[in-house]
Structure formats: structure tokens, C-alpha cells
């Protein structure tokens, strides 16, 4: 599906400022939407919104359907009557420039538990009816997720609560055990359902606010799910697992220029044959949820739908493995038949074969272009803008890259010379120069990170692929979101024809 010429900003909600230690769906989020409007943007790209676990990565979530309760705004809970005002009078002093996940999780978990208790005793009839309706409408995934989280918390002291370390009968979902544990943990199960109710209530309200102002949300869907997730526990027949629930083969990528041992991701692999037998119903539900949460969705590791690297689970690295054919065109045709037009972006980075390109182009999905990858020894790189086609999305960088300023400072002199000559610049304003290069390109969609618009160095880097701990933390301070940035970006957006026609007439 092709998109009209437009521009936007990549920013995950955890990066918003605020006094609760982590960005949320409160006032700062609405102010950011207003900033997007003021700067003539029409897209806001986020990372996956799922509940995060070990390592705090949004790409390793406990569910492909659920939302992250840490993003729930306490201020909105008070406003909407889910918490008394006294609950947020004494908030711990959290770092303002970064998320300190441990203390934040401890504080917000207790606060959200208080919200649940307050709801049980003081919730209005209207609120309780809305909650019951939500539970009924989302039961296909919500029931399993809520029980999964309750069980995980109950067993957390034993190997982190990973589901295949639970007692055999509940790990393998024997009916008597499911009923027994469901009754034993009923209050906590209800709490997890309630938190999902609050998450979706707040996020969909924020999304509606953005949509009403001409801003579309670009979401993100990892191709694979985490092993320690409700998805795998509830659907073991859809994954390659042994009789104890452990993975037999796992996902990753083979050795390449960047890594001698490849990347051993550890995600369980799909039984695509089983999924095909029932019309990929689980995937259709997953994509439907993505299109509920967002207007456009980027598929991470798109090449895995053509072929994926299969690693034996007992291998310590990704060196030993094999390429296995994915579901290919049959999958996307089935999704289109069930869901209609698919507003997807294909993350087609890395070593891409002609078969992957053919799969992407068969459905007219735009691919990705990263400007940081363009400059170096290769003068004909397909990341250089003069090689682009219109049906693509160009980024200054993504959450996995250095910031533009950090990248430029760490580049070799040959790389810096290449970019200076290509753009005819001095390099003194490299972050904005790269943004201009993206916005001036022929790509239908251009996206800049907020860090680059703020001219920040690698202290603001969001993630470093393959490293665990210390990432996904960056936050900005309120004074950093300036009118000067909005005006400058708005002029650039207008100059390069990225303001939608409907907005230009206003």
C-alpha cells in the first residue's frame, strides 16, 4: 500500500517528560501531538506498546496483544476518578532525563494496584459497565494474558517465573489446573484485566486526539514473539516446542560483517504449517490488534516472511543454523483477504535477497532507507537518496542507531568527507542537514527522530542492538520541545511538499 507524501517524528511514549519516572499518556503526550501539528507533521511513529520484561525492550513483550501498564498516566487516573488525588501527592524523586526502570516499576505497580482497589470499592456503575464490556470484547486474548501474568508473578521467585518452569500441570494448561489456579489468583487476574482496560482507554483516547488533528500513528510489530509470553503459553501448538514446553529451534540471524557469531535472538519459531491450516487466524487477530492501536504498522524483520534463520535451541551462538522458507505471499494474501488493505511498512534492512524484494513489491509495501547507512566506502549505496524510489520510508536513523550527531562524531574522516561533499555542507549542523536530506528526498514518507531534531549526541541514544541493560531509557525535558524546532521543521516540511493537501488549504 502506497502512502501520500508526508513527514513525521519517531518518539516512543516512554520518552515523554513527567514526574512519574517514565513517559506516559498524560499531558506531555497531548502536548507532543500539538507540537506535531505546529510543525506540520502528519505522522507519529512509536515502538511496540506491549508489556516489557527482562531488559525493558519493547521488542520482547509478555504479550503481542496487551499494552504496557507503565504507560498509564496517573494524572489521568485521578482526573477520571480511578484514583483519589491524595494518591499522587507524594511522588518519589525520579531522574528526569532517563527511565530508571527498577524504581519506576516498583512505584507504578503499587499505584496501579491502588487504582484497582479503588475501582472495586468506588468505581461508578458506568465505569464498571465499560470494564465488563471491554473484558467481554477482548476475552480471546485477555483471559489468557491476565492468568499468565498472575501465574508469572506468583512464581517469580523461581527462575524469574518463566512459564515452562511452573508446575507441569499449569505450564501445559491442563484443564483442572487452569480452573484451580484461575480461582486461586482471581483477584490478581482481575487486576491485570483492569490495567489493560485502563491502558486501552487512555491510549485510544490519545490516538483519537491525534487522528482528529490529522496525525496518523505508525506502530511497530516484531515478527517474532518472546518465549516468555502469554502467546506461546496459550498457543503451544503454533510453535516448535518439546514435550516440556522448551523451544527446539529459535530465531536469529547468521554471522555477517557486523558479527562473527551472528545474533542469537532466542525467540521461538512459528509452525507456519499449522498456522496455514487454520487460515493464519492467530496472525489475523494480531494484525487486527495492531491496526486498532495504530493507523500504519512497521513489520520488524520483514525478510523472515520469505526465509528465516533457524538455530537449534541448544546452540550457544547463531553460527550453526539454516535458512528455512517462510509463508511468503500466501500469508499476506490471507491477511489481505481477512483484513482488507494492509497499511504496512516493510523493515527490509540487512542482507536482502531478490525474493524478499519481490515479496515486498508484490503487495506494494514501502521499504526502509536509513541515511546513516549511506555514507562510507560504497559510492553506489542504495541508501543514498539519488537511488531512492518513491514507495519508501526514509529515516535519519531509528531507535537502533546512534543519533546523527553521535554517528557523525564517531564516523571516519572518509565518511565525514563523503557526506560533506554529497550534501555540500560544512558538517556544523549535521542533525538538521540530515533531516533536510530526508525531507527533500523522493521517498513518500520521511521520519526524523526527536533526538536528531534536538541536535543531541549519543547520550540520547535509545538502543544498541544486541546489548542488554541501560537502554530504552532516554527522556526529554519539557523545555527541550521548543517553538523554534516546530517552526523550523514546519518550514522544511512545507518547502519539500510534505504537508498533506487537506492541511495546506487551512
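No value in this document is a laboratory result; all are computed from the given coordinates. Quantities reported herein were computed from a predicted structural model and do not represent experimental measurements. Cβ sites come from the backbone with ideal geometry, for glycine too, and all protein chains shown count toward neighbours.
Here are the numbers for the structure shown:
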quantity: Separation between Cα centres of segment 77-129 and segment 1-55, rounded to whole Å; calculated: 22 Å
quantity: FRET E, pair residue 1, residue 381, Förster distance 25 Å, beta-carbon r, rounded to 0.05; calculated: 0.40
quantity: Packing-based order for 357-363, 462-468, 30-36, using average beta carbon neighbours within 10 Å, highest first; calculated: 30-36, 357-363, 462-468
quantity: Contour excess over end-to-end distance, with Cα ends at residue 495 and residue 110 and 0.36 nm allotted per residue; calculated: 133.7 nm
quantity: Added length on full extension, which subtracts the Cα-Cα distance from 0.36 nm per residue, residue 169 to residue 157; calculated: 2.5 nm
quantity: Two-site FRET efficiency, residue 442 against residue 468, from Cβ-Cβ distance with R₀ of 45 Å, rounded to 0.05; calculated: 0.75
quantity: In range of the label at residue 477: residues from segment 411-432 whose backbone nitrogen is under 11 Å from the point 7 Å along Cα→Cβ; calculated: none
quantity: Where a label projected 7 Å from the Cα of residue 204 along Cα→Cβ would reach, residues of segment 28-49 with amide N under 18 Å; calculated: 49
quantity: Extension reserve of the residue 89-residue 273 stretch, reckoned as 0.36 nm per residue once the Cα distance is removed; calculated: 60.8 nm
quantity: Residues 273, 256 arranged by fewest to most Cβ contacts within 10 Å; calculated: 273, 256
quantity: Expected 222 nm ellipticity per residue - DSSP helices of 4 or more, -39500 (n - 2.57), all of the chain, to 500; calculated: -12000 deg cm²/dmol
quantity: Using a Förster distance of 56 Å, the FRET efficiency for residue 80-residue 426 (Cβ separation, nearest 0.05); calculated: 0.60
quantity: Percentage relative contact order, segment 51-215, counting C-alpha pairs under 8 Å, at least six apart; calculated: 25 percent
quantity: Relative contact order of the chain, defined on C-alpha pairs under 8 angstrom at six or more residues apart (%); calculated: 20 percent
quantity: Separation of the residue 324 and residue 361 label points, Cα + 7 Å toward Cβ, nm; calculated: 2.9 nm
